[in-house]
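Structure first, commentary second.
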Amino acid sequence: MSVVCEMAAPFVANSAVDGEEVVRPFRSHTVTCLKCQARHAAMTRTARELAAMEGVRMAAPADLEWRVMASLEGDLAISRSWNRPMAWAAAFVSMAAAVVIWRLKPRRV
Amino acid sequence: MGNPTDPGQVERNREQELIARAQKGDRSAFAVLLREHQDEVYTLARRLVGDPHMASDVSQEALIRAWRALPRFRGDARLSTWLYRITVNTAWTHKERARKHQGTSIDEHLDIAAPVDAGHPEVAGEILELRGRLRLALDRLPDPQREVVVLKDIYGWSHAEIAESMGISVTAAKVRLHRARARLAKDLEETA
């Protein structure tokens with residue numbers, strides 16, 4: 001195995017996966033090197049198997065849907081639990097603003 | 001507007017209707033979408049993080065994030081593509097969190113094999129053997145390298161999409177992929 005084979009390896013792999021020619025500096029070497037051609041063929045098979053994986057589905061855990069929907073219920077419960085404190089806070093802020101405005105209003109002597 | 005009798009178009013219309021309802025807060029519509037896409041989300045999560053328990057947590061969080069972000073989904077991409085992006089980001093966050101708290105553990109996991117239609121039993125055996133070695137080689141890749149291989153070579157994302165979802169430059173994504181493929185090839189060669 002030559003140093004050139006090792007340098008060419010990533011480019012051979014890329015070429016096999018992308019279905020393009022090996023980049024120029026290593027092209028002529030790959031054409032004549034049996035080792036690199038074997039690597040190219042192996043990586044082509046690998047790329048085919050990787051692409052085939054897209055269609056393979058693993059079943060999600062049976063309780064995933066329940067867990068997600070339960071969390072959404074929790075979200076709603078939290079937002080509902082915030083309704084009352086938020087209303088009180090808004091009322092308090094409005095009253096405070098009204099007092100400040102009343103105090104700032106110029107009075108007639 | 002597509003052909004209304006085309007089964008694919010009918011399916012797309014049905015999904016769009018469910019999305020529109022879910023965007024208005026209809027949880028039963030979201031539950032239907034969830035049922036239809038949870039396997040895809042879980043499969044991607046499992047490939048990205050390896051560990052089945054973490055993949056389950058990633059899927060749960062990704063789907064909750066999807067519900068919260070759904071009002072902002074404009075339908076420019078397919079729902080599955082949009083969900084994939086959320087899953088990638090969620091997986092990334094989970095792994096960062098795991099790295100901070102403990103060393104990540106990647107369990108040995110078994111992929112459900114795609115049906116092998118090779119005609120001859122010996123060829124089918126070779127393919128199954130290659131798939132087994134490939135899964136292990138993918139697991140042995142460092143996380144960032146595995147992510148680019150999964151997204152590019154399995155899901156066919158562009159370099160730009162990978163770069164955007166991982167928060168890196170396109171050049172960095174290309175370099176990472178280049179290294180990952182070389183490592184994968186070497187690993188497979190050594191275990192052949």
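Odds and ends about this structure:
- The residues in the stretch A:17-34 that are surrounded by 15 or more Cβ atoms within 10 Å (Cβ to Cβ) and more than 8 Å from chain B (Cβ to nearest Cβ) can be counted, and the count is 5.
- Being in contact with a helix residue (DSSP H, G or I) (Cβ under 9 Å, 6 or more places away or on another chain), under 20 Å from residue B:175 (Cα atoms) and facing chain B (nearest Cβ under 8 Å) is a property that does not hold for residue A:8.
- Counting only helices (runs of 4 or more DSSP H) wholly contained in the stretch B:139-192, the ones carrying 2 or more residues that are more than 8 Å from every other protein chain (Cβ to nearest Cβ), out of contact with any Gly (no Cβ under 7 Å at 6 or more places or on another chain) and free of Cβ contacts under 8 Å to residues at least 12 places away in the same chain occupy B:159-166, B:170-191.
- Residue within the stretch B:126-135 that is modelled with pLDDT of 90 or more, surrounded by 19 or more Cβ atoms within 10 Å (Cβ to Cβ) and either over 17 Å from residue A:16 (Cα atoms) or within 17 Å of the chain's Cα centre (by Cα) (or both) present: no
- Check on residue B:13, farther than 21 Å from residue B:86 by Cα, part of a helix (DSSP H, G or I) and at pLDDT below 90: yes
The values are calculated or read from the model by the stated rules, or taken from the named source; none is laboratory data. Quick caveat: nothing in here was measured; it's all calculated off a predicted structure. Cβ coordinates were reconstructed from backbone atoms using ideal geometry, including for glycine residues, and neighbour counts include every protein chain displayed.
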